[in-house]
Amino acid sequence: MDSLEPLPSEKIAFIAYNIGVYECIQKFANILPSGKINKDTDTNTITNLLLESGVIYDEQTISYIINSMLNISKNMTIKQVSPKEVNSVAKHLNRAGVAIDAS
């Protein structure tokens, strides 16, 4: 499933948003325990640390997290997200210039 045509735009946006949240959380989780950020750290340093921080991208994990949220929120328009859909959105984000290390 490399084409996004069958996916509604709301689902594409929802998946893309959650990919971004997943990556931000993972990057901060890698940096914070290292002690490289403190109250005096400037935003440029934090930005560089985030850019250098590695992320383990896994469409299976992201789809599982998204589906867990969807199961809790019963009144959502989107009912379920597959790993293939997550991977497809990530590939399209890469093509659009958003750096995602899709597996």
Qualifying trypsin sites (Lys or Arg not before Pro) in region 58-103, DSSP loop, other Cβ atoms within 10 Å at most 15 | LYS74, LYS79
Restricting to Cα pairs under 8 Å and 6 or more apart, the percent relative contact order of the chain works out to 36 percent
With axes computed from alpha carbons, what is the tilt in degrees of helix 83-95 against the longest principal axis of the chain, rounded to the nearest 10 within 0 to 90?
-> 60 degrees
Could you work out how far helix 43-52 tilts from the main Cα principal axis of the chain, as a 0 to 90 degree angle to the nearest 10?
-> 60 degrees
Given (1) 16.4, 51; (2) 15.5, 48; (3) 21.6, 73, which label gives Rg and Dmax of the Cα atoms in Å as computed from the coordinates?
-> (2)
Find how many whole Å separate the alpha carbon centroid of region 25-56 from the alpha carbon centroid of region 65-103.
-> 24 Å
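Each value in this text was obtained by applying a stated rule to the coordinates, not by laboratory testing. Here the structure is a predicted model, which is why all the values come from computation and not from measurement. Cβ coordinates were reconstructed from backbone atoms using ideal geometry, including for glycine residues, and neighbour counts include every protein chain displayed.
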